[in-house]
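Down below is the structure, laid out as structure tokens.
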Amino acid sequence: MFLAVRELRFARARFGLMGSVVALIAVLMVLLSGLSTGLVNDGVSGLQRLPVTAFAFAEGVQRDSAFSRSEIDTRAASAWQGQDGVAEAEPFGNMLVNARNGDGVQIDLALFGVRPGSYLDPGAATGEAMAGPGETVVSSTAIDAGIAVGDTVVIDRLGTELRVVGSLSEQHTFGHVDVAYVPLRTWQEIHAGSRPGEPVPDRAYSAATAVAIAAEDGADLDLGAGDRAAGTQSMTVEESFGASPGYTAETSTLTLIQVFLYAISALVVGAFFTVWTIQRRHELAVLRAIGASTGYLLRDGLAQALILLVAATSVGVAIGVGGGSLLDGSGMPFALDPPAVLLAAVLLVTLGLLGAATAIKRITAVDPLTALGGNR
């Protein structure tokens, strides 16, 4: 550590420049982590907050658009309810609509059709839980968008009126659209395209998007057996996230960018320490000649890289968190998740250290006699 600290003090400008690059990468990692978490929350927080283990969709439905294409008979819920390990099985409706309130505020809504009083019913943090036809409980983000408890929301083209009786305390969104919970029967009428006062086909009341399945505590569901009994195609709730509009494309793009940033960090740090090791070749030869072991020099070089990476990453993370706190709540889908930020920082330091280790390994090739002889 003595040599490492001495060199850090001696070459402050060089190490400061390198540290600045690592700090900037750390800032980008924090911002990308926050954007990734924010996009996930904006895309599937409504699904994440459902007490659901799996969804059973129509058999053969395209998996990446199951929520928009699937239609099943509500009787499939009874078939699933009889399966081993299933605690609850309820029909679930999902569709996107355009709406506006009495003040003309336009808002897109993801209607979640559930039976009032069922395990899917979220209740209400403000106001009342939905109980009768035409009532709805909306996400807190819909309140932020200008909808208020007590408003009457009108569905475009149909003219169906929904009375906002309550709101939820957390963000519930699906496909970047605010969730509105409605009674399943109301959802079925809207899904059938029936206008107020028009007759509703009887078959409309047997339709749903999927069966929402909750497993018993500690139970391992046999989804295949349930699908064979109910004639459905099931996915775990995590797998169903991919059926949310844009979810897979957004998350895979951000993940790819993060992977490239990690690789760039390792390469940049490795290149810096490669050049630094070459420039120190004669000094390292002197140390070898007076008895310093190769292991000592390797440990010293890694300690130097670790000090640089930890310090620079800490500064970058602090700047990123500070900047990210300004973005949080600005309307951008951004949310800082401490575990995700910590993981990004650890990966940045670890991969940077691997890059440095690859470069510092050149120390083992230093021949003290040859190097010293070259200075005579």
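Restricted to the stretch 172-204, and to residues that are touching a residue at least 40 places away in the same chain (Cβ under 8 Å) and among the hydroxyl-bearing types (Ser, Thr, Tyr), which residue is farthest from Ala54 (Cα to Cα)? The extreme case among them is Thr186. Condition first: over 30 Å from Leu39 (Cβ atoms), part of a helix (DSSP H, G or I), within 30 Å of the chain's Cα centre (by Cα) and in contact (Cβ under 8 Å) with a residue 12 or more places away in the chain. Can you find one or more residues in the stretch 295-307 that meet it? Checking the stretch 295-307: at least one residue is over 30 Å from Leu39 (Cβ atoms), part of a helix (DSSP H, G or I), within 30 Å of the chain's Cα centre (by Cα) and in contact (Cβ under 8 Å) with a residue 12 or more places away in the chain. With respect to (1) surrounded by 15 or more Cβ atoms within 10 Å (Cβ to Cβ); (2) closer than 23 Å to Val268 by Cβ; (3) hydrophobic (A, V, I, L, M, F, W, C), the lone exception for Ala318 is condition (1). Please tell me if Leu32 is under 31 Å from the mean Cα position of the chain (by Cα), in the same structural domain as Ala335 (by the TED database), surrounded by 21 or more Cβ atoms within 10 Å (Cβ to Cβ) and within 30 Å of Val237 (Cβ to Cβ). So Leu32 fails the test. Within this structure, Asp108 passes the test of being open to solvent by 10 Å² or more (accessible area, probe 1.4 Å), at pLDDT below 95, part of a strand (DSSP E or B) and not aromatic (Phe, Trp, Tyr). Looking across Gly16, Gly38, Gly46, one residue alone is without any contact (Cβ under 8 Å) to a residue 24 or more places away in the chain and either within 19 Å of the chain's Cα centre (by Cα) or outside the structural domain of Val179 (by the TED database) (or both). It is Gly16. When restricted to residues that are surrounded by fewer than 12 Cβ atoms within 10 Å (Cβ to Cβ) and at pLDDT 85 or above, the stretch 325-348 contains 3. Does Ile278 qualify as being farther than 23 Å from Ile307 by Cα and either surrounded by fewer than 20 Cβ atoms within 10 Å (Cβ to Cβ) or of a type in the set (Asp, Glu) (or both)? In short, no.
Take the residues of the stretch 288-305 that are of a type in the set (A, V, I, L, M, F, W, C) and surrounded by 20 or more Cβ atoms within 10 Å (Cβ to Cβ): which is farthest from Val5 (Cα to Cα)? Going through the qualifying residues, I end up with Leu297. Residues that are touching a Lys or Arg at 6+ places or on another chain (Cβ under 9 Å), charged (D, E, K, R) and surrounded by fewer than 21 Cβ atoms within 10 Å (Cβ to Cβ): does the stretch 198-209 have at least one? No, the stretch 198-209 contains no residue that is touching a Lys or Arg at 6+ places or on another chain (Cβ under 9 Å), charged (D, E, K, R) and surrounded by fewer than 21 Cβ atoms within 10 Å (Cβ to Cβ). The number of residues in the stretch 65-82 being surrounded by fewer than 19 Cβ atoms within 10 Å (Cβ to Cβ) and farther than 15 Å from Thr209 by Cβ comes to 3.
The values are calculated or read from the model by the stated rules, or taken from the named source; none is laboratory data. Worth saying up front: this structure is predicted, and the values here are computed from it rather than measured. Methodologically, a virtual Cβ is constructed for each residue, glycine included, from the backbone with ideal geometry; neighbour enumeration extends over all protein chains shown. Ligands, DNA and RNA are excluded from the accessible area calculation, which covers all protein heavy atoms including side chains. Shrake-Rupley method; radii C 1.70, N 1.55, O 1.52, S 1.80 Å.
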